[in-house]
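Scroll down for the structure; my scribbles are underneath it.
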Amino acid sequence: MADTTHTMNEALSPIIDELKAKFGENIQDVSTFRDDTIVKVSREAIVEIVTYLRDNTTVPFPLCEDVFGIDTFERKNRFQVNYHFWSVEKKVRIHLKVEVDERDPHLPSIVGVFPGANWYEREAYDMIGVFFDNHPDHRRAYMPEDYEYYPLRKDFPMMGVPGSIPLPKRS
Amino acid sequence: MKTVGIEAEYNQPISTSDLPPKEKQPQILRALLEQDPYLKFEDPLEHDMVLNMGPSHPATHGVLRLLVRLDGETVISVVPEVGYLHRGYEKIAENETYHEFITHTDRLDYLQPLHNNVAYILAVEKLLGLEVPPRAQYLRTLISELARISSHLVAMGVMTMDVGAMTLLLWCFREREKLYDIFDLIAGARFTTSYTRIGGLAQDISDESIAAVKAFIDQFPDRLEEAERLINRNRIFFDRCRGVGVISKEDALAWGFTGPNLRGSGVDHDLRKDRPYLVYDQMDFDVPIETEGDALARYYVRLAELRESIKIVQQCLEKMPKGPIHADDPKKVLPRKEEVYTRMEELIHDFMIVNFGVNPPAGEVYHAVESSKGHLGFYIVSKEGEGHPWRLKIRSPSFCNIQVLPKLIKGHLLSDIVTIIGSIDPVLGEADK
């Protein structure tokens, strides 16, 4: 059951090899913790890689499970955006990770490939403050639309910013 | 007709010609108006209307808000909005130890708190590399399935009530009440159970609880048959549900449907079978699938899953071994209270675990379980030497299911909205986190 080893799922290795052969430099790193394999990819190639993951015949990933952001609070490449994909056929999951710098927090949207990523990306934008270019409906997901902070950034205080959500006027 | 303020809180339909100018419209209204009109208007000036539904509306299963654009009674486009129950659990998790967050998982999907406890603790244990004894695994499987039954009962009852069958709701809640009494016996609380602990469970199950579970599953199939007799050949129910909210297999996958909703569209995918966790690999059960992809198919999938859950509960009770319910790892697992009071080592461990947390290795893990709504996953990023997660992401199935609503509702009548919401069974506590 539980294991403390870090081994990649066997079903994943052919697709990882294919990705490395096809995208070369854009696959920056492949790491495995427990049985979760995280492929670090470059921001520019994310849409092509995701399209390839969906359309390939070796291990097709038709289900985009989640997209979300992480604030690492590092000076360089502060934000990370993670993607999970599930292969219904091969019963295996792959994680992609894209690093985004704070000075240019933009990355391409994958809504064109997976329509279901629409709200995941809205949530990531809402919580972390990374912007998804060419997103068809780039609104906040949870917070009010005129809210100016990103709550899951590490410099946002746990108790919130006083006065950041104004109360409605008495009528 | 009055014009719309910036808050757009109105319960009367408003003709689109009376809306404020574009620059004064809230974003959600603009998103609604900019969607492709699915249908042609007969007479745009008279029939094109905007209607606000929710967030406090009995048929939206909580605090879901829908902004609907209508042509007469036909829905042209709809924009759902969530966030009215946003409590910031992911932020809270970053400031609490792994143990403390268990209580918050009760409040995520409030129809199946026990299952959320299990789902969260499995992710933490995967991060720690901890293996729990067989009895605890069987118990966790048992409570997961009981929680699934109680959640599906609400889904069934509320969906049928939305289409007009009040009786079934009361019958389902009667059965659910029995289950909640059992949860009270097992976990010591009916609703906010917080039953799991890292490396085990809060307490062992008593013989009284086992007898209660047995008594429940013995009588439950008959009650289910009664409900079926009432609904499954009911003309009104069929007419309201058949062909409503249809989604194809490919679309369901592309839009991120999981759980019974995905299986209602004919995709054979269940994490309990495809990537077994706990002791599901030793259980004999089927994954019910329907191919139509409409509201009726999703209802049938849930109905069939209730029977499969009973099978699993029965097998759990039969196969459950005796033995400890806590893993033997004093640095990670909270010691028993009586030992803390009498022994030095245990007192130290208790102090360290409560005050500084369990200190997992640095890494990132994701563990998803098949909840009654779909993939319920927890992604944990941990840093070396810290007792609380650096980032905890809850992959909530309801959030992903709600975003498909515009696709399902378009082109149907206003009254079909409640059928469709009921058939995808969202829980806003989970969608809003």
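The values are calculated or read from the model by the stated rules, or taken from the named source; none is laboratory data. Since we're looking at a predicted model, the values are computed, not measured. All Cβ positions, even for glycine, are placed from backbone atoms using ideal geometry, and neighbour counts span all protein chains on display.
Taking the conditions (1) in a loop (DSSP other than H, G, I, E, B); (2) under 21 Å from B:T258 (Cβ atoms); (3) without any contact (Cβ under 8 Å) to a residue 24 or more places away in the chain in turn, A:D104 satisfies each one other than (2). Of the residues in the range A:106-122, none is farther than 25 Å from B:L408 by Cα, buried (at least 22 other Cβ atoms within 10 Å of the Cβ) and among the small types (G, A, S).
The test for being in contact (Cβ under 8 Å) with a residue 12 or more places away in the chain and under 19 Å from the mean Cα position of the chain (by Cα) holds for B:Y120.
Quick one: in the range A:39-61, which of the residues that are more than 13 Å from A:Y83 (Cα to Cα) and in contact with a Ser or Thr (Cβ under 8 Å, 6 or more places away or on another chain) is surrounded by the most Cβ atoms within 10 Å (Cβ to Cβ)? Only one residue tops the list, namely A:V59.
Here's the yes/no breakdown for (1) touching a strand residue (DSSP E or B) at 6+ places or on another chain (Cβ under 7 Å); (2) farther than 19 Å from A:T37 by Cα:
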| residue | (1), (2) |
| --- | --- |
| B:H375 | yes, no |
| B:I380 | yes, no |
| B:K383 | no, no |
| B:E386 | no, yes |
| B:L392 | yes, no |
| B:I402 | yes, yes |
| B:P406 | yes, yes |
| B:S415 | no, yes |
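Scanning the range B:324-349 for residues that are touching an Asp or Glu at 6+ places or on another chain (Cβ under 9 Å), outside any loop (DSSP other than H, G, I, E, B) and within 18 Å of B:T196 (Cβ to Cβ) turns up just one, B:K337. Which members of the range B:103-161 meet the condition of being closer than 24 Å to B:Y89 by Cα, within 14 Å of chain A (Cβ to nearest Cβ) and among the basic types (K, R)? Within the range B:103-161, B:K126, B:R140 qualify. Considering B:K373, B:K433, the condition of being touching a Gly at 6+ places or on another chain (Cβ under 6 Å), outside the structural domain of B:L127 (by TED's automatic domain parsing), assigned to a loop (DSSP other than H, G, I, E, B) and among the basic types (K, R) is satisfied by B:K373 alone. Total residues in the range A:125-171 satisfying the condition of being in a loop (DSSP other than H, G, I, E, B) and within 21 Å of B:W390 (Cβ to Cβ): the figure is 15. Restricted to the range A:78-105, and to residues there that are touching a helix residue (DSSP H, G or I) at 6+ places or on another chain (Cβ under 6 Å) and of a type in the set (K, R), the residue that is surrounded by the most Cβ atoms within 10 Å (Cβ to Cβ) is A:K90.
Just to check your reading of the model, which residue among B:P288, B:P276, B:P221 is under 21 Å from B:S151 (Cβ atoms), modelled with pLDDT of 90 or more and in a loop (DSSP other than H, G, I, E, B)?
Numbers: B:P276 fails: modelled with pLDDT of 90 or more; B:P221 fails: in a loop (DSSP other than H, G, I, E, B).
Unique residue meeting the criteria: B:P288.
The residue of the range A:3-32 that is nearest to A:K97 (Cα to Cα), among those that are surrounded by 11 or more Cβ atoms within 10 Å (Cβ to Cβ) and among the charged types (D, E, K, R), is A:K20.
Between B:L201, B:L296, the distinction of being aliphatic (A, V, I, L, M) and under 30 Å from B:Y98 (Cβ atoms) belongs to B:L201 only.
Here's a check for you: in the range B:241-267, which residue that is crowded, with 22+ Cβ neighbours inside 10 Å and over 19 Å from the mean Cα position of the chain (by Cα) is nearest to the other protein chains (Cβ to nearest Cβ)? Talk me through it step by step, then tell me what you get.
Residues of the range B:241-267 that are crowded, with 22+ Cβ neighbours inside 10 Å, as a first pass: B:241, B:245, B:247, B:252-253, B:255-265.
Subsequent filtering for residues that are over 19 Å from the mean Cα position of the chain (by Cα) retains B:241, B:245, B:247.
Details: B:C241: 24, B:G245: 16, B:I247: 12 Å.
Per the criteria, the residue is B:I247.
For the range B:66-121, residues that are crowded, with 21+ Cβ neighbours inside 10 Å, of a type in the set (V, I, T) and closer than 28 Å to B:E175 by Cα total 4. Looking across the range A:69-90, the residues that are closer than 21 Å to A:L12 by Cβ, at the interface with chain B (Cβ under 10 Å from one of its Cβ atoms) and not polar (S, T, N, Q) come down to A:H84, A:W86, A:V88, A:E89, A:K90. Within the range A:15-38, the set of residues being more than 14 Å from chain B (Cβ to nearest Cβ), in contact with a Ser or Thr (Cβ under 8 Å, 6 or more places away or on another chain) and charged (D, E, K, R) comprises A:E18, A:E25.
Would you confirm whether or not the range B:297-320 contains a residue that is part of a loop (DSSP other than H, G, I, E, B), out of contact with any helix residue (DSSP H, G or I) (no Cβ under 7 Å at 6 or more places or on another chain) and buried (at least 20 other Cβ atoms within 10 Å of the Cβ)? Among the residues of the range B:297-320, not one is part of a loop (DSSP other than H, G, I, E, B), out of contact with any helix residue (DSSP H, G or I) (no Cβ under 7 Å at 6 or more places or on another chain) and buried (at least 20 other Cβ atoms within 10 Å of the Cβ), which makes the answer no. Any residue at all in the range B:421-430 that is within 14 Å of chain A (Cβ to nearest Cβ), outside any helix (DSSP H, G or I) and buried (at least 23 other Cβ atoms within 10 Å of the Cβ)? Yes - at least one qualifying residue is present in the range B:421-430. The residue that is nearest to B:I205 (Cα to Cα), among those in the range B:325-353 that are in contact (Cβ under 8 Å) with a residue 40 or more places away in the chain and of a type in the set (A, V, I, L, M), is B:I325.
Taken over the range A:113-150, the criterion of being within 9 Å of chain B (Cβ to nearest Cβ) and closer than 19 Å to A:N77 by Cα is satisfied by A:D126, A:M127.
Take B:E228 and tell me if it is away from chain A (no Cβ under 14 Å), under 21 Å from B:R307 (Cα atoms) and of a type outside the set (A, V, I, L, M, F, W, C).
Values: away from chain A (no Cβ under 14 Å): yes; under 21 Å from B:R307 (Cα atoms): yes; of a type outside the set (A, V, I, L, M, F, W, C): yes.
Yes; evaluated as a whole, the condition is true for this residue.
For the range A:148-171, the set of residues classified as at pLDDT 85 or above and surrounded by 10 or more Cβ atoms within 10 Å (Cβ to Cβ) consists of A:Y149, A:Y150, A:P151, A:L152, A:R153, A:K154, A:F156, A:P157, A:M158, A:V161, listed by residue number. From the list B:R229, B:R240, exactly one residue is more than 16 Å from B:L139 (Cα to Cα), touching a Ser or Thr at 6+ places or on another chain (Cβ under 9 Å) and either part of a helix (DSSP H, G or I) or acidic (D, E) (or both). Which is it? Criteria check complete, one pass: B:R240.
Only one of the numbered conditions (1) in contact with a Ser or Thr (Cβ under 7 Å, 6 or more places away or on another chain); (2) within 26 Å of B:I186 (Cα to Cα); (3) not charged (D, E, K, R) is not met by B:V354, and that is (1). Would the range B:355-364 turn up any residue that is within 13 Å of chain A (Cβ to nearest Cβ) and surrounded by 24 or more Cβ atoms within 10 Å (Cβ to Cβ)? Yes, that holds for at least one residue. Being under 14 Å from the mean Cα position of the chain (by Cα), touching a residue at least 60 places away in the same chain (Cβ under 8 Å) and outside any strand (DSSP E or B) is a condition met by at least one residue of the range A:48-60.
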